[in-house]
Amino acid sequence: MPRYLQGWLKDVVENSMKRGYISTERRRPIYNIIERIMEFQRNNINSIIAEFKRNSPSGFSAEGDPVAYAKFMRNYAVGISVLTEEKFFKGSYDLLRSIADVVDIPILMKDFVVSESQVDSGYNLGADFVLLIVRVLTERELEGLIEYVRSFKMEALVEVHDKDDLDIALRCGAKLIGFNSRNLVTLEIDHDKQRELIASAPKDVIKVAESGIQSRDQILELKKAGADAFLIGSFLMREPEKIKEFI
Ligand SMILES: O=C(O)c1ccccc1NCC(=O)[C@H](O)[C@H](O)COP(=O)(O)O
């Protein structure tokens, strides 16, 4: 059982636990996100993970053709994140599959993953890395799920919100850590806290700055703090061309 949760998080995790298993056969190889971020760094390109997101609890909503978005982003982004949570983000497993079918770069399954069956589905649909949120899992569950994700040669993006989360992520052996500036309960963004946390993390983990990024200046500030990659959803959904300035 995941951690004790309240409000929309309790709801979202309960829905995750009931999610059906997708048994389709995987149609693409695994694309390694850590290797691709390192390759971008060697070539002095900022690593942007471009997210396809239609809706969110903080009030975001956008239309958009997932296939056209993914094909465009494939030319600039280090990877593509696809929201697959249904109730609050209006995502779906079909979205993940349709994007996986048209791009040859790493794809993140962005969901509230609490079970091995969700990881199985993500692998079968074509994901290369899977989000695991420290705040919704017990330490033992997180450790087990990281190992399970890696047993498919996928990677886990382990998301943290504060120092306690970061300590847990490190104890569990996370190599790719997402620093989310958005508080999961209040939904408020705090970039100062995010930068401090990134700066406090060990050098040898790959650090992904998540949420609320809207400008190249913000990217440079986060980079100065130690961020290696930048996950951007809302802003790029509205202005996809801006990725050319961000990289
Ligand atoms: O996007 C939200 O409102 C949200 C609320 C609560 C939990 C998670 C949420 N989003 C998931 C994400 O982490 C973001 O979609 C991702 O970091 C991109 O953020 P943004 O660029 O601000 O859309």
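For beta carbons closer than 7 Å, sequence separation of 6+ or different chains, a first residue in the stretch 46-66 that is in contact (Cβ under 8 Å) with a residue 24 or more places away in the chain and closer than 18 Å to TYR31 by Cβ and a second that is within 10 Å of the ligand (Cβ to nearest atom) and assigned to a loop (DSSP other than H, G, I, E, B), the qualifying pairs are GLU51/GLY233.
Does the stretch 86-107 contain at least one residue that is within 12 Å of the ligand (Cβ to nearest atom), at pLDDT 95 or above and buried (at least 24 other Cβ atoms within 10 Å of the Cβ)? No: zero hits.
Selection of the stretch 49-81 for residues being crowded, with 19+ Cβ neighbours inside 10 Å, within 17 Å of ASN180 (Cβ to Cβ) and within 11 Å of the ligand (Cβ to nearest atom) yields ILE49, ALA50, GLU51, LYS53, SER56, SER81. Among the residues examined, SER117 does not qualify as of a type in the set (Ser, Thr, Tyr), free of Cβ contacts under 8 Å to residues at least 60 places away in the same chain and outside any strand (DSSP E or B). For VAL158, the criteria (1) surrounded by fewer than 22 Cβ atoms within 10 Å (Cβ to Cβ); (2) over 21 Å from ASN55 (Cβ atoms); (3) of a type outside the set (Gly, Ala, Ser) hold in every case but one, which is (1).
Screening LEU9, LEU5 for residues that are under 24 Å from GLY212 (Cβ atoms) and assigned to a loop (DSSP other than H, G, I, E, B) leaves exactly one candidate, LEU5. Considering the conditions (1) within 29 Å of ASN183 (Cβ to Cβ); (2) of a type in the set (Gly, Ala, Ser); (3) not in a loop (DSSP other than H, G, I, E, B), SER98 is excluded by exactly one of them, (1). A Cβ distance below 7 Å, combined with a sequence gap of six or more or placement on separate chains, defines the contacts here; from the stretch 2-13, residues that are within 15 Å of SER115 (Cα to Cα) reach residues that are among the basic types (Lys, Arg) in the pairs VAL12/LYS87. ILE45 satisfies every condition listed in (1) of a type in the set (A, V, I, L, M); (2) within 15 Å of ILE133 (Cβ to Cβ); (3) in a loop (DSSP other than H, G, I, E, B) except (2).
The values are calculated or read from the model by the stated rules, or taken from the named source; none is laboratory data. Note that the structure is a prediction, hence the values are computed from the model and not measured. Here Cβ is always computed from backbone atoms with ideal geometry, including for glycine, and neighbour counts include all displayed protein chains.
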